Every structure is written in structure tokens, then in C-alpha cells.
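Notes to accompany the following structure.
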Amino acid sequence: MTMANGMKRHESAPKPMVKFDRSLIAPCGMNCGTCIGHLREKKRCPGCRVYMADNAVTAQRCIIQKCNHLENTASKFCYDCEKYPCRRLKQLDLRYRTRYKTSFFENLTMIKEKGIESFLEFESQRRTCPNCGSVLSVHRDNCLICSKN
């Protein structure tokens with residue numbers, strides 16, 4: 001772009017958006033790709049849909065991940081469950097809306113109504129740091145890489 005004085009202003013190329021895999025979307029609607037447990041370097045949690053003996057303690061103890069009713073759903077998401085919305089999911093949603101400004105009910109509604117691909121695109125847009133292009137953790141107010149809000 002040329003400025004009024006004839007000099008060219010340097011425009012940086014747009015940062016690529018992060019891409020999330022559908023296997024990182026937990027049954028409750030959490031994007032495990034934005035979880036601090038998944039983003040850390042040591043003892044990285046693979047996400048709620050991947051069971052490993054050394055998963056994060058929170059994933060190992062998760063009532064939703066172990067839910068017998070979830071096994072009977074076609075989608076393997078909580079919105080398809082006969083008990084939806086259960087007490088555990090209501091508590092989890094309240095905690096995440098209050099602390100982290102994200103709603104599992106809103107996520108699940110989007111997945112159900114618009115499909116997983118639309119949800120993944122939405123997550124890519126809202127969870128990419130506009131400054132450095134890295135993943136923004138749902139559990140932090142600042143980017144883990146560049147520290148920008």
C-alpha cells in the first residue's frame with residue numbers, strides 16, 4: 001500500500017489460522033485442542049477421546065468421558081443422550097461460562113445444528129492468536145506463546 005507521501009507501508013501477511021481435528025472435540029463440547037493440559041509440553045494430554053494410562057488426572061476422572069449413556073448415542077456427543085442435559089454437564093458448563101467465557105451447551109448446539117466442520121472452523125477463528133497465530137488456550141487470558149491478550 002502506498003501512503004500519501006509516496007512511501008510504501010509494509011503490510012504483514014495474515015497469520016494462518018490454527019486447525020483443530022474433530023478427534024479433539026470431547027463428548028461434552030470442549031475443544032481439547034485449547035485445553036492447557038493438551039497445550040503443555042510435559043505430560044501432554046491427548047484429549048478426552050483418546051484413552052491413555054497417563055492422561056491428565058482430570059480426563060481420567062471425568063464422569064462424562066466414562067458415561068454409560070454416551071456409549072448408546074449415535075453421535076458420541078452429549079446432546080444425543082437421553083439424560084441431556086445431565087447434572088454433571090450443567091455444572092461443567094456453569095464453571096466454564098463463569099471462569100473461561102465458553103459454554104459447552106452453545107458448542108454442542110452448534111455441532112448438532114451446523115455440523116462438526118462448522119464448529120471446527122468457528123473454533124479456529126476464535127482460538128487463533130491474532131498476534132502470532134498460535135492456539136489460544138481456553139484456560140488462559142493471554143496467548144501462551146506471545147503473551148498478548
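Observations
- Close Cβ contacts (under 7 Å, 6 or more residues apart or on different chains) running from residues in the range 30-51 that are crowded, with 20+ Cβ neighbours inside 10 Å to residues that are of a type in the set (Phe, Trp, Tyr) and part of a loop (DSSP other than H, G, I, E, B) comprise Asn31/Phe20; Gly33/Phe20.
- Count of the range 1-21 residues which are surrounded by 10 or more Cβ atoms within 10 Å (Cβ to Cβ) and either at pLDDT below 60 or within 26 Å of Leu94 (Cβ to Cβ) (or both): 1
- Which numbered condition Thr109 fails, given (1) buried (at least 16 other Cβ atoms within 10 Å of the Cβ); (2) under 16 Å from Arg22 (Cα atoms); (3) hydroxyl-bearing (Ser, Thr, Tyr); (4) more than 14 Å from the chain's Cα centre (by Cα): (1)
- Number of the exception - Gln65 against (1) of a type outside the set (Asp, Glu); (2) at pLDDT 90 or above; (3) part of a loop (DSSP other than H, G, I, E, B): (2)
- Within the range 68-81, the only residue that satisfies the criterion of being outside any helix (DSSP H, G or I) and charged (D, E, K, R) is Lys76.
- Subset of the range 82-105 [surrounded by 14 or more Cβ atoms within 10 Å (Cβ to Cβ) and not in a loop (DSSP other than H, G, I, E, B)]: Arg88, Leu89, Leu92, Asp93, Tyr96, Arg97, Tyr100, Phe104, Phe105
- Residues satisfying the stated conditions in the range 118-149, i.e. in contact (Cβ under 8 Å) with a residue 12 or more places away in the chain and of a type in the set (Asp, Glu): Glu123
- Filtered by the rule that a residue be closer than 17 Å to Lys76 by Cβ and either modelled with pLDDT under 95 or in a helix (DSSP H, G or I) (or both), the range 114-127 gives Ile116, Glu117, Phe119, Leu120.
- Scanning the range 131-149 for residues that are of a type in the set (Gly, Ala, Ser) and exposed (fewer than 15 other Cβ atoms within 10 Å of the Cβ) yields a single hit, Ser147.
The values are calculated or read from the model by the stated rules, or taken from the named source; none is laboratory data. This is a predicted model, so every value here is computed, not measured. Here the Cβ is made from the backbone with ideal geometry for all residues, glycine too, and neighbour counts use every protein chain on show.
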